[in-house]
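Worksheet for the structure shown next.
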Amino acid sequence: MSGLEDFKDELETCFGTSCGFCERGCPVYQNLKVKTLCMKGRNRTMLGLLQGKFEISPAVVQAAFECTLCGNCDRWCSLKNTEHTQAFREYLLKHGVEPMKEHSSLAASLRNYGNPWFQPRSARNRWTKGLNIPKATPGKADVLFFAGCTSAVTKQLTKSLIASAKLLQSAGVEFVTLGQDEPCCGSTLQRIGQTEAFETMASDNIAKLESLGTKKVITPCPGCYITLKKSAEKHGSKLKVVHVSQEIAHLVKEGKLVVKKSSERMTYHDPCHLGRLGGVFDEPRTIVEAIGTLVEMPNNRYESRCCGAGAGLQSAFPKLSRELAAKRVAEAKSTGATTLVTSCPFCETQLRTVPGIKVSNLMELLFDNVLENEKKG
Amino acid sequence: MSYIDELVAALGKEKVLVDPAEKFVYGADWSPRTSDEFCPPDVVVLPRTTKDVQNIVKVAFAHEVPVTAGGGLTGMLGGAIALYGGIYIDTTTMNSVVEIDPKNQTIRVQAGATLQEVNDAVKPYDLWLPHQPESKWVSTVGSAIACDNDSTFGVRYGKILNCLLSAEIVTGTGEVLELGHRKAHFTSSGYKLKDLLAGSEGTLGIITEATLKLEPVPAVRRVDMLVFPRMGAAVDYLSRLLKAGLSIEAAHINCKRRLQFYTHSYRQKFGKDPEIPAWAEALLAIAFSGDQEVVDSNRDYALKIAKEFEAQLVEEREIVDAWWASKYTLDFEPFKQKWPDSQKQKKFGAADPGVPVGRLEEFYHKFIDVAEKHELEVIGMNAYLEHPNSIGFSLSCAVFVDYRNADEVRRFREFHDELSKLAIAFEGTMSTFMSDSSQKAPYLELEHGASLEYMKRIKRIFDPKGILNPGKKFVREARR
């Protein structure tokens, strides 16, 4: 039985309910207004396909893949809609649909380089230069900093990793990294429907972390955070996975990091995987409030709108992806804030493509505002 | 050239959906049906302007192709389902605000705007559209008018027709008409053709724009719940409150069973059903709104009078809050929204009759009898007061329907028909918030007698070829 068939009962429940409450917050549907592209319609498409009412067609493929898996539909529902969609993608790939060329490219890079961005494995370790972070070895890895592919191999994003590491060091947190041996968490594979490859990767990752004796993983990437956390849960591991904002907010509250506060108006964009899907809302806000004056966007926390970067949308549907980013930036600007803060490398990159507001990484912003005598490294 | 080719030529390829999967999703609404009963149209069109709609209808008129317009597809009786195929117009692509006039408290919108989108747009002006069905996040202005659906705040503001000042439609010949009285609240001039649109189900024209009357947002709202030993006592109590001159904003009488359906978030929070006194057979949810002092005095007076009617205030606020969340705020815990949770095995199905106020309790017992006769699990009755400052009920007589079981769906339809006919026998009406659709069409003569022929003639004036939503209201011989 395929994963999608496992959800048939839920698909029928959605058909039986038909409330359509998922439509209101769906960024893709609100932009395109085609019902196959909101969750109610997508669930119906899956149901019709399983019932043999129609064949796989370009519109079916579009329904499966033109979605950011942001989970806004889940927030207004009680069904596991994003899981349906992932299973839908997997189903199509298993039934002869060729992966989108952009997604094939991501998967090929993951196979060959261990990251989706065609960067050599050695690039993964560049950001640690001069930071004096020990390499993880068995028994010496209680706390592991998991940098994540995107930030580690993208020059513009390494500053956030450096800031995170220096903040942890300043507060006296001892941690290790895997250096260039750090694997991909598998999030990308999972979101584009390559479930089997993902399952293997997830299982290997947990085995690797367990073999090192890791007790806690701190990661600055919301995609890695939610993927590693769920992988650990699925494999019965006691590994604790936290986002760096959770760790750092705790240190700020404890006074281990003293922050210089300004009156600047800042707004915070909840990354989907950290906020709505990960349940981490307060800690990033604690940090923003320590630095400046937090003003909320109309759609915040559970109702936050996706930036448009996720789940392969940015690569396969770039025009729509840009439009979603523009909407989110417009919402940020409407608050009167001068800085849009976020804590995800994908959101950060995506939101920076839209002019009109300064986009800051939470950790970089904090590092720049921690009193000088607190800084080390 | 086929009519679909003509649609593509008139609108552009991106506004015309012909893929079977895309058409399929438009083939069902919220009404009880099995998943084998999807009834997709032959083509879906996504207009952006009135001109687009006009072009669509002109093509349909020339080719005598059925045209069915829909909004959020949350209708509970299949009103926007294209029974005879043809063209489905998805009006949700027409959701722009045309004008907000705060001084005159009006908004002009395209008909595909949801009721929530209207309220989001006017919120900065401290105004709101008080027509508020539970489906407001999805229900569009056009479908609210065409279906004449219910509103939580009917006892103060009425339903959508009380808010509708003017509407633009495209008739069955493709002519664009404005019906109504611009921004004036009422008129004594001419025939009130605008009023024909309420409950017209898209059979007279496709509504493309509407001018709606807005109201100031009240500063404070207080919702309470009282229990009564019987439904009739709750009716008498409400009558007394109105006589006393109180300004009630919302009033809903629920039978005891119905409470459970509206207290999902209570069960989520406490893991049990709410408890009310064993003697209580009816619950009245009642809201007052306005300035704090006015709300307080209205409420105090209402509670004082309650003692005369053997009523008891529900002190446990969580019960009231859970009910109100279900009815209005829709403020459910994330990932635990009520509807899918409550529909996993069976879904909500209802008949929507109206009966004289003095016969509510008698009809309630008949409803239970009919449901049991058809072997349907009873959800219960909710009587909404939907006429401004008077006791006029919309009745939701609800049962659970196993939508995976064709026989149970059939029995539900028989239940629905029997209650509809019974309501007429009670000197009432078949429908108060779902309209007729195809389900009630066979009984329209029973309801309307000789005037039905006049309705048919009116229909022919607006839609001479009978292409607009065929099979709704009036029986059409052959079903696709």
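Read the figures in this text as sums done on the coordinates, not as results from a lab. Everything numeric in this text was worked out from a predicted model, so none of it was measured. Neighbour counts run over all protein chains shown; Cβ positions are idealised from the backbone, glycine included.
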Nearest 10 degrees, 0 to 90: helix A:101-113 Cα axis against chain A principal axis:
40
Would you calculate the volume per residue, in Å³, of the smallest convex hull containing every Cα atom of segment B:93-216?
99
Calculated over segment B:49-105: convex hull of Cα atoms, volume per residue (Å³):
111
Summed over the other residues with a beta carbon less than 9 angstrom from that of B:PHE38, with K and R at +1 and D and E at -1, the charge totals +1
Whole angstrom only: what separates the Cα centroid of segment B:233-297 from the Cα centroid of segment A:237-306?
40
Please report the base-10 log of the normalised intensity I(q)/I(0) for the protein assembly as shown, using a Debye sum with one equal scatterer per alpha carbon and no solvent, at each q in 0.10 (1/Å).
-1.13
Just to be sure I understand: if I project the alpha-carbon convex hull of chain A onto a plane and average over all orientations, what area do I get in nm²?
17.8
Would you work out the relative contact order for chain B, in percent, from Cα pairs under 8 angstrom that are 6 or more residues apart?
17
Relative exposure of A:MET100, A:MET266, judged by other C-beta atoms within 10 Å (fewest first)
A:MET100, A:MET266
Among A:LYS234/B:LYS344; A:LYS80/B:LYS327; A:LYS53/B:LYS459; A:LYS33/B:LYS103; A:LYS35/B:LYS472; A:LYS94/A:LYS240, which pairs are too far apart, with a Cα-Cα distance over 29 Å?
A:LYS53/B:LYS459; A:LYS33/B:LYS103; A:LYS94/A:LYS240
How long is chain B along each principal axis, judged by its Cα atoms, biggest number first, in Å?
72, 55, 49
Computed [θ] at 222 nm, deg cm²/dmol, the protein assembly as shown (DSSP H ≥ 4; -39,500 (n - 2.57); rounded to nearest 500)
-11500 deg cm²/dmol
Within segment A:130-174, list the residues whose amide N lies under 16 Å from a label point set 7 Å along Cα→Cβ of A:TRP117.
A:146-164
Whole-angstrom gap from segment A:65-113 to segment A:331-367, using each part's C-alpha centre
27
Fewest first, what order do B:LYS272, B:LYS472, B:LYS344 take by the number of other Cβ atoms within 10 Å?
B:LYS272, B:LYS344, B:LYS472
What is the average number of partner chain Cβ atoms found within 10 Å of a Cβ in B:14-21?
5
Order these by the 10 Å Cβ neighbour count, fewest first: B:LYS336, A:LYS358.
A:LYS358, B:LYS336
Relative contact order (%) - criterion: Cα under 8 Å, at least six apart; region: segment A:159-276
26
Calculate the spin-label point distance for B:GLU445 paired with B:GLU293, positioning each point 7 Å from the Cα along the beta-carbon direction, and give it in nanometres.
6.2
With label points built 7 Å along Cα→Cβ from the Cα atoms of A:LYS215 and B:LYS465, find their separation and express it in nm.
7.8
Simple spin-label model, 7 Å along Cα-to-Cβ: A:LYS135 to A:HIS95 in nm?
4.8
